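> Shown below is the structure under consideration.
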Amino acid sequence: MSTDIPEKTVPEFSITQAAARALIEEVRAAAARIGFTAAVAVTDQGGHLKAFDRADDAPFLTAEVALDKAWTAASFHTPTHVWNDFLANQRIAPLAGHPRVMAVGGGYPIIANGRCVGGLGISGGSYEQDMQAAEEALATLEFDLPAH
């Protein structure tokens, strides 16, 4: 019997608390420039909440929507705005009944060095505004934007 401990072949990566907080600050700044207030959720790669912020005047529902956008983006490594097309496929459509799948723009996987390290979800503006704020924040902090 061997006492050697097997080496991990794939290291685990997750967004850091500092990076999650920086994303929130960048989203807040982008949302202010664009003209809306938001709730912002950042999850780790497993979809677990890492950091969260909701502007004082953002409606309470934005909190849950932002978290579900981040969870959906992290779960499938895909931006949430592409889900409308996915759900049009009869073989995928049953996922629409999952209580956390959010097929509305504003959720993005957080990608660093080609790996998904978390999810970002924004709610409070139109889906276009949420998407714009997310893309600006991710680009400013030099995270990779997904090709979708």
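The values are calculated or read from the model by the stated rules, or taken from the named source; none is laboratory data. Every value quoted in this text rests on a predicted model; they were computed, and no experiment measured them. All Cβ positions, even for glycine, are placed from backbone atoms using ideal geometry, and neighbour counts span all protein chains on display. Surface areas here come from the heavy atoms of the whole protein model, side chains and all, with no ligands, DNA or RNA. Shrake-Rupley method; radii C 1.70, N 1.55, O 1.52, S 1.80 Å.
> Size of the dipole of the chain about the Cα centre, Lys and Arg at +1 and Asp and Glu at -1 on the beta carbon, nothing else charged, in debye to 20?
About 260 debye.
> Moving to a separate point now. Which of rounded, prolate, oblate describes the range 10-63, given a ≥ b ≥ c as roots of the alpha-carbon gyration tensor eigenvalues and a/c under 1.5 marking rounded, otherwise prolate only if a/b is larger than b/c?
Working: a/c = 3.30, a/b = 1.89, b/c = 1.74.
It is prolate, given that a/c is not under 1.5 and a/b is the larger ratio.
> Now for a different question. So if I take the centroid of the Cα atoms in the range 69-125 and the same for the range 18-47, what is the distance between those two points in Å?
Going from one Cα centre to the other spans 16 Å.
> Please work out how much accessible surface Glu135 shows to a 1.4 Å probe, ignoring ligands, DNA and RNA, in Å² rounded to 10.
Per-residue accessible area (Glu135): approximately 70 Å².
> Pop out the carbon and sulfur fraction of the accessible area of the chain as a percent, whole number, probe 1.4 Å.
Details: 4430 of 8240 Å².
The value for the chain is 54 percent carbon and sulfur by accessible area.
> When a/c reaches 1.5 or more, the comparison of a/b and b/c decides; with that in mind, is the chain rounded, prolate or oblate per its Cα gyration tensor? Don't skip to the end; give the middle numbers.
Details: a/c = 2.01, a/b = 1.36, b/c = 1.48.
Since a/c reaches 1.5 but b/c is at least a/b, the shape of the chain is classed as oblate.
> Need one number: nm distance between label points at Asn89 and Leu49, each 7 Å from Cα along Cα→Cβ, rounded to one decimal.
Between Asn89 and Leu49, the label points sit 3.2 nm apart.
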